[in-house]
1. What does the charge add up to near residue A:27, with Lys and Arg as +1, Asp and Glu as -1, over the other residues with Cβ less than 12 Å from its Cβ?
2. Given the pairs A:26/B:389; A:116/A:142; B:57/B:175; B:37/B:57; B:57/B:289, which are separated by over 22 angstrom at their Cα positions?
3. Using +1 at the Cβ of each Lys and Arg and -1 at the Cβ of each Asp and Glu in chain A, identify which of A:78, A:4, A:52 lies farthest towards the dipole's positive end.
4. Using a 10 Å cut-off on Cβ atoms, rank the peptides A:206-218, B:235-247 from the highest mean neighbour count down.
5. Please list 3J(HN,Hα) in residue order for the stretch B:303-319, calculated via the Karplus relation 6.51 cos²θ - 1.76 cosθ + 1.60 where θ = phi - 60°; whole Hz, with x for glycine and proline.
6. If you take the beta carbon distance between residue B:481 and residue B:317 as r and set R0 to 30 Å, what does 1/(1 + (r/R0)^6) give as a FRET efficiency, to the nearest 0.05?
7. Where does the protein assembly as shown land at 222 nm, in deg cm²/dmol rounded to the nearest 500, when only DSSP H runs of n ≥ 4 count, each adding -39500 (n - 2.57), divided by all residues?
8. Give me a comma-separated list of calculated 3J(HN,Hα) values for the stretch A:72-77, in order, Karplus coefficients 6.51, -1.76, 1.60 applied at θ = phi - 60°, integers in Hz, x for any Gly or Pro.
Amino acid sequence: MIKVQQLTKSYGKQQVLKGISTSVNKGEVVAIIGPSGSGKSTFLRCLNLLEVPTSGTILIGDQELTSPKADVASIRQHIGMVFQHFHLFPHMTVLENITFAPTQVKGISQEEAKRKAMELLTKVGLADKADSYPSKLSGGQKQRVAIARSLAMEPEIMLFDEPTSALDPEMVKEVLNVIKDLADSGMTMLIVTHEMKFAREAADTIYFLDQGQLIESATPDQFFTNPQSERAIRFLEQVL
Amino acid sequence: MNKQKLFYVPMIALVLLFALFSPMFSVYAQEAAETPKKTLIMGTSPDFPPYESVDAKNNGEIIGLDIDIAKTILSELGYELQIQSMDFSGLIAAMQTGRVDFVMSGMSATEERKKSVDFSDPYYFARNTIVSKADNNYETLESLEGLVVGAQLGSVQEAVANQVPNASEVRKLNKIADLILEINSNRIAAAIVEDAVAVEMTNANPSLVMNFLPADANDGGYAIAFPKGSPYVEEFNTVIADMKESGKLDELLQQWFPEPEPKKVDSVESSKALIDFSVLQGYVPYILKGVGVTLLFTLVSALLGLILGSILSLFKISGIKPLKWFATGYTSIFRGTPLLVQLTLIYYATPQLTGYDIPPLLAAGLAFGLNSAAYLSETIRAGIMAVDKGQQEAAMALGIPYRKMMISIIFPQALRNILPALVNECVALIKESSLVSIIGVADLMRRADIVRADTFRAFEALLLVAAIYYVLVLILTSLAHMLERRLRRGD
């Protein structure tokens, strides 16, 4: 589904990603963990070209995202992304936030988009907020709307960039539950997270990044019970 | 990305602008089709009664001695007359640029003017007078020695005023009404004015008196002006000679020139008070008609400014060097030169460069729109920069194309940020719109000037339009408040 080869990214002289290669299978759920500044978010943002890689290739299905000829906008339609700070459109209602891209980009009819949006809102437990504006929602509710907004485009891959880091502690769970349901439904997902318990329960694979390198790629059981590298051991000591 | 498509937007804006004005064009076209006779366009500045003034109390038609003479000559020669109203100072330029075929506007055939235009034989020799306060009563130029004297800018009387021995200053003002103001406030001792005008001045302002000066042998007299090398001079001269012979000219003169003693029957009730709004009786509907013109003009220029300004702001943030340079250069030029210069250039240079006779209102809308775009592009750019970068990323991640993202997601939020600044710009536009009177657009300010000329009263019409402008601005700001509340409903 996703194939990454020798991915590097530099800002000026500072190299943030130092040659990452990996591949993600269809339906695989990957939790990306590591110390802050390790390049987790940059790596994730390269996967839909919000950051343009300095070198290396990224294949989404059989399309090369990093090719100069790539139709980036249309590839992005198949990759949903959820941000730490939600980035809902503040001048639109919850329903409009969700239906905008399907109707404007995919050309789906208003009624069909609305029906689908209400279905998704019911799934994330916010059907009663359809006509509210984002400013009236709590952080947890905002993030669930943001997830529904991404899902409305019927993506094949979902990227989560620290989806619970900006939330008050009591709201973390409601968001993680939604993500977990999604993982169980067979969606291909990559999640940058600091929630170790969640990573262990929900992920098929753990990526441990440090200083721009993919240090370990293992099942949660292997990684959490038997980390291979010195850096992973030290990291786990600090967070667990 | 779809950036090229953005280039269509200014074109669409221009088409819309033309569409707005197309009803006017079609009216002209019909007139032309129905009249096989050739039409000559006459330029005049209708603020000089009794030679030419706007019949503001009735239908707003331009009337006066000059108009009647022109009608007589043209019907004699078998032409149709079309009158184009504009500021006196723009008349010569209008002839040189071919906007008008001839000019009759109480214009004296001076040597100076003969360098740039051709004149017919004179049809009237005016006598000059000294107008002053009744308690001063200056009778000769010599009695004005050492004093400040006024005259209308660009008039022959300016030269006469210069003959005052040791005058401490000759003050030149645009309007007769301004001269009255200056006399009443003792800033000038007296004004040199021609007889017919002086009679009406003193009739409307009982505190003023007039004294005739001896006729000037060097005075070229009032004549019809033509562009250099115009083919019409000969024909006109023949008719003028006929009119002098047959007594037709004297007949018209008597019809239009009031006698100094008994007042004209329909002349305004004279009032000693400094401000007396009853002099505006009958003029109010005429002035109110200017509201529509001012609003239409403000709307067109604000829309054009907003659309062009948005495009320029996109150029500025685009990161494409030539576009950035263009937008920066544009802003620099339009912000760095006076609006009045831009307006004059667009109105007078467009017909010469393109052959398209741009209507005054369109020229004004264009000039103000282009100027306002320069200011707004900076405001909009700031508004866009203030929108959270995450909004753009969220839109990109959803696969929303650049143009849709800008129009539906970034602009509405930017607009909300800059709404107060936009309202400021609109308020400024409404008030600055008074500049368009320079090219003869009959907006509020122009109408006030015409009524001031008509009534020979200085303050009343000015105060009335000031009040109207104020009400317009009040309405605009409260509309903006409502809009702002609507835009902020998301908060």
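Every read-out reported here was derived from the displayed coordinates using simple, explicitly stated rules and does not represent laboratory data. Since we're looking at a predicted model, the values are computed, not measured. Reconstructed Cβ throughout: ideal geometry from the backbone, glycine too, with neighbour counts over all protein chains shown.
1. Summing Lys/Arg as +1 and Asp/Glu as -1 gives -3.
2. Over 22 Å apart, Cα to Cα: A:26/B:389; B:37/B:57.
3. After comparing all options, I get A:52.
4. Highest-to-lowest ranking by the protection proxy: A:206-218, B:235-247.
5. These are the phi-based 3J(HN,Hα) values: 4, 4, x, 5, 5, 4, x, 4, 4, 4, 5, 5, 4, 5, 9, 6, x Hz.
6. Efficiency for this residue pair is about 0.55.
7. One gets -15500 deg cm²/dmol as the mean residue ellipticity at 222 nm.
8. Along the stretch A:72-77, the couplings run 4, 4, 6, 5, 4, 4 Hz.
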